[in-house]
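Every number here is computed from the coordinates shown, using simple stated rules; none is lab data. A quick note: this is a predicted structure, and the numbers were derived from the prediction, not measured. Please note: Cβ atoms are built from the backbone with ideal geometry, for glycine as well, and neighbour counts cover all protein chains shown.
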């Protein structure tokens with residue numbers, strides 16, 4: 001039981017970081033990406049390769065994950081500079097679909113459908129982190145470190161400019177903000193942190209395959225941000241906890257055949273998304289919204 | 001001849017995409033609502049059809065049930081999801097998330113009811129006959145061609161000639177002026193949803209009778225009609241039709257160079273290229289930035 005709870009706590013910290021990184025794009029930048037699992041995946045594959053071929057060092061793995069995802073985030077920044085709103089959502093959907101196929105087909109790097117297996121237990125500067133408590137501490141440190149960085153940046157000039165851009169792109173441009181640079185940086189920041197989360201995820205699971213980086217995952221992460229409340233610091237964490245604990249809670253409910261749990265869980269969070277948007281579009285942690 | 005064969009099956013897929021995407025474009029053009037849940041109407045129609053045929057209904061009756069389901073779903077979305085949201089904020093992202101939630105609910109509902117595997121109805125529609133040496137055409141091809149021709153013709157006439165059709169186009173241009181003329185914008189938007197959702201039915205029925213359906217068809221069709229609309233130019237019926245054809249053909253032609261796994265991705269590469277280099281699509285007007 002303890003092992004199960006520890007495992008869940010590690011995943012919650014990793015997904016909390018992932019959801020918070022998407023929040024930079026969605027909540028602060030107004031860049032509505034449905035391709036976040038792609039960058040989580042880039043980070044996870046890069047991290048897994050480093051762990052398999054170089055050393056399973058947490059710092060090294062997360063740095064590699066963040067770097068790869070951050071650099072490849074240009075694939076998302078380009079359409080973000082060209083189009084907005086619905087068009088961008090569609091573009092990111094397209095990116096997600098192409099990336100899913102690429103992950104499946106690029107077997108030498110990603111292991112294809114079988115994935116990359118046998119990732120060694122994590123270390124930190126030579127110390128073993130095989131104990132789940134130690135790895136949980138690392139995940140929590142990454143989560144709170146990431147949150148601190150994001151809070152600092154979002155409170156400062158960068159975050160304010162970004163929010164100005166979200167609320168009115170032309171007004172921000174008229175005030176002399178460099179829209180292209182701001183958007184590119186926001187995308188790079190969000191995706192790089194998603195890559196770090198991906199690296200940790202690879203170490204946590206000791207196994208990665210394409211199943212974790214599909215459109216469903218992107219939507220799940222998006223739902224975490226939205227349900228919790230986009231554009232708030234606590235929102236993504238609240239959403240992550242709710243949506244990760246949901247399947248665990250459902251498995252204790254009587255009357256649902258175990259084979260249908262996945263579908264029931266999907267239906268519940270789909271319904272929650274729709275109802276929230278109708279009745280409380282700012283999310284659970286968001287301010288009850290007046291006119292924007 | 002392989003190329004010609006792929007082209008033909010691409011056209012068959014493309015025609016059905018074109019009809020579905022035209023439904024999406026009709027709804028967006030009239031109401032300015034980005035109906036992300038359009039694919040769910042397709043899925044409901046397809047599975048409704050399969051259910052009815054399995055229950056021993058005749059095909060026309062089953063197709064009727066499929067139409068009722070699709071239209072009912074469209075009207076439901078308009079009345080109970082989009083309208084309440086537009087009453088308070090109406091930001092497009094709120095609409096997107098709500099619609100996506102509905103897609104997930106429909107998809108998992110289908111998974112619970114029908115299982116995750118492919119379902120199909122057995123028919124003779126896929127039986128192909130050679131029209132040229134080495135080039136085979138299934139009956140489904142002619143049905144797709146006929147349905148597309150009839151429906152696009154009827155839709156064109158309806159939008160150009162009838163009072164209601166003109167009112168629908170006016171709704172897109174200027175809703176306030178429309179109200180000043182004493183027409184109900186609400187009733188027209190319901191009509192747009194009903195018609196648009198009904199346009200997904202031929203694709204769904206033929207899909208069930210040829211390639212089969214799986215629960216993820218809702219999101220696949222949603223993606224395809226979105227992509228077709230963007231490629232063609234958002235809100236333009238002609239554009240959506242052309243976009244659907246382009247995507248269908250691209251998906252099939254790519255098989256001649258790459259593995260079949262890439263066929264879905266090919267459509268999105270086309271989409272991505274359009275977004276980067278010609279975001280207003282083939283027929284679209286210039287985007288206001």
Quiz item: Taking Cα atoms, how many degrees apart are the long axis of helix B:92-114 and the longest axis of chain B, rounded to 10 and kept between 0 and 90?
Solution: 40
Quiz prompt | Sum of -39500 (n - 2.57) over DSSP H runs of 4+, divided by residues of the protein assembly as shown (222 nm, nearest 500) | solution = -23500 deg cm²/dmol
Practice problem: Springs between alpha-carbon atoms under 10 Å, Gaussian network over chain B: tell me which of B:269, B:217, B:103 tops the mean-square fluctuations. | Solution: B:269
Quiz item: Tell me, what is a quarter of the convex hull surface for the C-alpha atoms of the protein assembly as shown, in nm² with one decimal?
Solution: 27.8
Quiz item: In whole Å, what is the distance between the alpha-carbon centres of region B:142-197 and region A:108-158?
Solution: 53
Quiz item: How far, in degrees from 0 to 90, does helix B:38-54 lean away from the longest principal axis of the Cα atoms of chain B, to the nearest 10?
Solution: 50
Quiz item: Tell me, B:106, B:121 in order of fewest to most beta-carbon neighbours within 10 Å?
Solution: B:121, B:106
Quiz item: Between B:177, B:44, B:69, which gets the highest mean-square fluctuation from a Gaussian network model of chain B, Cα cutoff 10 Å?
Solution: B:177
Practice problem: Sorted from largest down, give the three principal axis spans of the alpha carbons of region B:22-69, whole angstrom values. | Solution: 40, 15, 13
Quiz item: In terms of the ratio Rg/(2.2 N^0.38 Å) built on C-alpha atoms, what value belongs to region A:45-114?
Solution: 1.33
Practice problem: Treat the count of other C-beta atoms within 10 Å as a stand-in for reagent exposure and order A:92, A:131, A:21 from fewest to most. | Solution: A:131, A:92, A:21
Quiz prompt | Convex hull volume per residue for region A:1-68, taking Cα atoms only, in Å³ | solution = 101
Quiz item: Label residue B:180 and residue A:113 with points 7 Å out from Cα along Cα→Cβ: what is the distance between them in nm?
Solution: 6.1
Self-check item: Mean projected area (nm²) of the alpha-carbon convex hull when chain B is viewed from all directions
Solution: 15.9
Quiz item: When N counts the residues of region A:2-211, how does its alpha-carbon radius of gyration compare numerically with 2.2 N^0.38 Å, as a ratio?
Solution: 1.04
Quiz item: To the nearest µm²/s, what D does Stokes-Einstein give for region A:197-277 at 25 °C and 0.890 mPa s, using the Kirkwood radius over alpha carbon pairs as Rh?
Solution: 176
Quiz item: Using the Kirkwood radius built from alpha carbon pairs, what does the Stokes-Einstein equation give as D for region B:173-242 at 10 °C and 1.306 mPa s, in µm² per second?
Solution: 111
Quiz item: So if R0 is 25 Å, what FRET efficiency would residue B:118 and residue A:234 give, r being the distance between their Cβ atoms, rounded to the nearest 0.05?
Solution: 0.05
Quiz item: Which residue fluctuates the most in chain A, going by a Gaussian network model with Cα springs under 10 Å, if the choices are A:110, A:274, A:214?
Solution: A:274
Quiz item: Taking a quarter of the surface of the convex hull around the Cα atoms of region B:4-135, what do you get in nm²?
Solution: 10.2
Quiz item: Based on Cα positions only, what radius of gyration and what Dmax would you give for region A:130-233, in angstroms?
Solution: 16.6, 54
Quiz prompt | Rg/Rh for region B:59-191, where both radii come from Cα atoms and Rh is the Kirkwood radius | solution = 1.07
Practice problem: Rank the residues B:38, A:36, B:88 as a footprinting-exposure proxy: fewest other Cβ atoms within 10 Å of their Cβ go first. | Solution: B:88, A:36, B:38
